Every structure is written in C-alpha cells, then in structure tokens.
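Here the structure comes first, spelled out in structure tokens, and everything after it is commentary.
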Amino acid sequence: MSDPTKIAAATLLQVYADIDLLALELCGDRLPFAPTAEARKELMRQIGEEVIHFSLQERTLERLGRPFEPVMSLSCREEIKTWFSGLDWYDFLAGLQLGIEGIGIAVVERVSAHAGPIVRESLRIPIADEHRQSSVGMREWQVLLSRSTPAGREELRGRILGVFEQVYLLAEKSLPVPFEECWNELGLTKADLWETVRERTRSILEKVGFEPALPASFVA
C-alpha cells in the first residue's frame, strides 16, 4: 500500500470506526426503551458486535500508523443522539439498521473491495454483521407494513424516506472528511459511490415491501 493510498484507507477506516462507536451508543441509549424483550436482546447483540467491530478497526488503524481519534465532534455527536432519541421504535430502526447499517454499509463494501488486504480483513466481520443487523430492521418494518392500509403504506414510505434523508444530512454535517479525495485515491469516484447508495436504498425499500424510491438528497 503506497503512502497516499494508506492515508486514504486509514482516513476512511477512522470514519467507519467512529460510526461503529456511534451505533453502539445509539443502541445503549435505546436499550431501556426497547418495546419487547426480543428487541432488548437484539440491541444487546448489536452492542456486542459493535464492540468487536471497533476493536478490529482500532487495531488496524494502529498498524497503519493512525491511532483512532473520533471524527465527529462532541456537539455533532450529541445532536445525532438527541435526534435519534426522539424517534419511535420503527423510525429508530429505519435510521440505524436500515440507514446507517443497511445503506451505509454498501459504501463500506465498495471501499473494502478497493482497499489493501489489511483494511479489507478488518472490515470482513463488520460487513457480515451489519447485513444481519439490517435484516432485523427490515423484518420489523415488513411486519408493520403488513398491518397497514394502502393509504397507511404510502404514509410509511414517506416516513422512511424522511428518516433516510435526515440521516444523510446529519452525516454530511458531522463528518468533515475529504471523502472524494480518499475515494479517488482508491480508484473510486463520487459517482460510483452515489450509484451504490441509490441501488442499496431501492433494494432495501423493495425488500421491505415498498415501491422503490429515493430521498430528495439522493437524487441530485
């Protein structure tokens, strides 16, 4: 791995590690308010997985000569957590398990395929686990959708798209990272990644049972 490539990969891995920490925090904050015993078990399982993910990435960053430091400022982190705390259970799942884990992991997969073997190995377990986490959120939304009227289904689609939009806007504000430079160094373009995001968004909505659509920010 050349020095510029190593720096780009380490920069992106630093972001992913911090997002895993954030996911851990969000699950911990929601844990006392989970609606069922099964939901609490799922949040505890995800917390355990996020600990493993962060530990893998922290060790890899050390190997790359880039000790972990948070990417998000404390104020941005608190803003995200406050927003999530105001969501009901289904919107929380849409934001974390479908948005961050489901759509976000599509970008991580593309980056992993272009990064060196050290970074790729550190992301192998997180990618597999986050697909599982996303599937949990999809199953919950499928049940919710199955109980809805046609008008209710359209309202729910608007809700989930609104959650995806807000997650993106919060991420854009909270992650002051030269993503495009890093992606270019790994042989990817912004257009590549946006198409990946759009494909994954449509796929998740279809799997839940919605007609495919995109939030406003994903269309530009």
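None of the figures in this text is laboratory data; all of them are computed from the coordinates on show. None of the values given here were measured: they were computed from a predicted structure. Positions of Cβ are generated from backbone atoms using ideal geometry, with glycine treated the same way; all protein chains shown enter the neighbour counts.
Charge tally around Phe210: other residues with Cβ under 11 Å, Lys/Arg +1 each, Asp/Glu -1 each, net +2. When Val163, Val51, Val143, Val136 are arranged by Cβ crowding within 10 Å, least crowded first, meaning fewest neighbours, the order is Val143, Val51, Val136, Val163.
If the chain were replaced by its equivalent ellipsoid, with semi-axes equal to the square roots of 5 times the Cα gyration tensor eigenvalues, what would those be, largest first, whole Å?
Three semi-axes, in Å: 29, 20, 15.
Find out how many positive minus negative residues lie around Arg77, taking Lys and Arg as positive, Asp and Glu as negative, among other residues whose Cβ is under 11 Å from that of Arg77.
Numbers: positive: Lys81; negative: Asp18, Glu25, Glu78, Glu79.
Its environment carries a net charge of -3.
Within the chain, how many Lys pairs that are eight or more residues apart, or on different chains, come under 23 Å at the alpha-carbon?
Qualifying lysine pairs in the chain: 4.
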